[in-house]
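*Asks:* The following block contains the structure, expressed as structure tokens.
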Amino acid sequence: MTLYDSKKKLALAGAVCGIVAAVLAFMGNPANMAFCIACFVRDMAGAMGMHQAEVVQYARPEIIGLVLGAFIISVATKEYRSTAGSSPMIRFVLGMIIMIGSLVFLGCPLRMIIRMSAGDLNAWVALVGFILGVGTGTFMLKNGTSLGRAHETNKSSGSVLSIILVGILLLAVCTSLLKASEAGPGSMHAPIIVSLIGGLVFGAFAQKSRMCFAGGIRDVILMKNFDLLTVIAALFAVMLIFNVATGKFVLGFNTPGIIAHSEHLWNVLGMYAVGFAAVLAGGCPLRQLILAGQGSSDSAVTVLGLFFGAALCHNLGLASSGTALNAETQEVVAGAATPNGKIAVIICIIVCFAIAFTNKREAVKK
């Protein structure tokens, strides 16, 4: 069974994923977030003590469910393939870059779409940067950039990340070893069983539909193919309906409580880095988790890069702050990208160009 062979099936997959995100938002996930790969990986990194930001520490079952959902459905439909060996350390670095850019913007491409559906104009501004980043990466691919081919490996190798995540889930449910926020975004979450089921469903439909936010734009540029954008458009439509129906749609920039900031240049550059790195790595953060679930050790290494990047962001002060209300004065305090974060984004973009120019197919080099 595939969902990517017709636009109607793709729209159905996007609608189901949108419903999952809406349910998670309704059941307690942070406002205007619902489902964010970067934010949730950051929370998991905090839960494991990789950073000490107490307000963003929680072992998110959605991330675990995503990988397991992709693993289960790929095994059931005989699409599971254990592969590895395509520039692993470069992919690790690209995972770091994706995370750094995301946390400067304050969200991954999935959350960008969800923020757009809630009227956050900052996300619409960031979309420009994301499209430009994907466009730059696509141009580099057309001109010979390649991280090489992956090769078949022992079947057990491709399941390592899935097994590790099951272990994290057991630690979260059965022990008190992992950290959990008592305030802030990390303390806002749907019940564990709802989050896990939501992740499983989202992961299965994302795997069968080949959902990828960077890939959708890349396909339009390369082949004038809008199929993958159908999934994203359907998800956006469902979340738009949910936000309007529940009164969560607020059109504007400096909106307190949605974990966003209005420094437009850094929203654009942050998502430019994400789009560029995602194309070089072969998929957005969501797609990397799905590919890891269906057996790609290369994507699993990229996911590890996401975790390491999340730790760096909070240990080195790279993550931006969101617009908020001062509890005492009730005045709006504008969010902002940090000086360290700005420097890091520039470095990330330079590194993306360095990777693109130094990794060419042999035929192109000659």
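The values are calculated or read from the model by the stated rules, or taken from the named source; none is laboratory data. Computed from a prediction, not measured in an experiment: that's the story for all the values here. No Cβ is skipped: glycine too gets one built from the backbone with ideal geometry, and neighbour counts run over all protein chains shown. Ligands, DNA and RNA are excluded from the accessible area calculation, which covers all protein heavy atoms including side chains. Shrake-Rupley method; radii C 1.70, N 1.55, O 1.52, S 1.80 Å.
*Asks:* Just one of [x] 145; [y] 125; [z] 187 is volume of the Cα convex hull per residue in Å³ as worked out from the coordinates here. Which one is it?
*Replies:* Of the labelled values, this structure produces [y].
*Asks:* Check residue 333: other-chain or 5+ apart residues with amide H under 5 Å from its amide H, H built from backbone geometry?
*Replies:* Sorted by chain and number, the residues that satisfy this are 324, 325, 326.
*Asks:* Restrict the search to the stretch 16-122; then list the GluC sites (Glu not before Pro) that DSSP places in a loop and that have at most 16 other Cβ atoms within 10 Å of their Cβ.
*Replies:* Hits after loop and neighbour filter: 54, 79.
*Asks:* Just to verify a number: what accessible area does residue 48 come out at with the full protein assembly present, 1.4 Å probe, Å² rounded to tens?
*Replies:* Rounded to the nearest 10, that gives 80 Å².
*Asks:* Right, here's the next one. Using a Cα-Cα cut-off of under 20 Å, which aspartates and glutamates could be cross-linked to residue 179, ignoring same-chain neighbours fewer than 8 residues away?
*Replies:* 43, 54, 62
*Asks:* Under the rule of at least 5 residues apart or a separate chain, name every residue whose amide H is placed under 5 Å from the amide H of residue 296.
*Replies:* Distant-sequence amide H within range of residue 296: 83.
*Asks:* On to the next question. Over the stretch 113-222, average the accessible area per residue using a 1.4 Å probe and give it in Å², no decimals.
*Replies:* Counting only protein heavy atoms, the per-residue value for the stretch 113-222 is 43 Å².
*Asks:* Once you list every other residue whose beta carbon is under 14 Å from the beta carbon of residue 201, what net charge do they have if Lys and Arg are +1 and Asp and Glu are -1?
*Replies:* On the way: positive: 208; negative: 62.
Summing Lys and Arg as +1 and Asp and Glu as -1 gives 0.
*Asks:* Past the 21 Å Cα-Cα mark, which pairs from 8/78; 78/208; 9/224; 7/78; 78/360?
*Replies:* On the way: 8/78 23 Å; 78/208 12 Å; 9/224 19 Å; 7/78 23 Å; 78/360 32 Å.
Pairs exceeding 21 Å: 8/78; 7/78; 78/360.
*Asks:* Okay, next question. How big is the gap, in Å, between the Cα center of the stretch 57-134 and the Cα center of the stretch 202-258?
*Replies:* 13 Å
*Asks:* Assign unit charges at the C-beta atoms only (+1 for Lys and Arg, -1 for Asp and Glu), then state the dipole size of the chain relative to its Cα centre in Debye, rounded to the nearest 20.
*Replies:* 1260 debye
*Asks:* Go through the cysteines of the chain and tell me which have no other cysteine Cβ under 4.7 Å away.
*Replies:* That list is 17, 108, 174, 212, 284, 313, 348, 352.
*Asks:* Would you please put 84-97, 197-210 in order of how densely packed they are, using the mean number of other Cβ atoms within 10 angstrom per residue and starting with the highest?
*Replies:* Going from most to least packed, we get 197-210, 84-97.
*Asks:* Here's a follow-up. Please give the net charge around residue 145, taking every other residue with its beta carbon less than 9 angstrom from that of residue 145, where Lys and Arg add +1 and Asp and Glu add -1.
*Replies:* Numbers: positive: 142, 360, 361; negative: none.
Here the charged neighbours net out to +3.
*Asks:* Counting only other residues whose beta carbon sits under 12 Å from that of residue 53, what net charge do I get with K and R as +1, D and E as -1? Show your work: numbers first, answer last.
*Replies:* Working: positive: 42, 179; negative: 43, 54.
Spelling it out: positives minus negatives among the neighbours equals 0.
*Asks:* Return, ordered by residue number, the residues of the stretch 53-91 whose backbone nitrogen is under 20 Å from a label point located 7 Å along Cα→Cβ of residue 166.
*Replies:* 59-83
*Asks:* Put +1 on the Cβ of each Lys and Arg and -1 on the Cβ of each Asp and Glu in the stretch 269-366; which of 312, 349, 339 then has its Cα farthest toward the positive end of the dipole?
*Replies:* 349
*Asks:* Also, quick follow-up: Just need the relative contact order of the chain here, percent rounded to a whole number, with Cα pairs under 8 Å and 6+ apart.
*Replies:* Once normalised by length, the contact order is 34 percent.
*Asks:* Using the Kirkwood formula over every pair of different C-alpha atoms, what hydrodynamic radius in Å results for the stretch 1-98? Walk me through the numbers on the way to the answer.
*Replies:* Values: mean 1/r = 0.0623 Å⁻¹.
Final number for the Kirkwood radius of the stretch 1-98 is 16.1 Å.
*Asks:* Counting alpha carbon pairs within less than 8 Å and at least 6 residues apart, what relative contact order, in whole percent, applies to the stretch 1-146?
*Replies:* 22 percent
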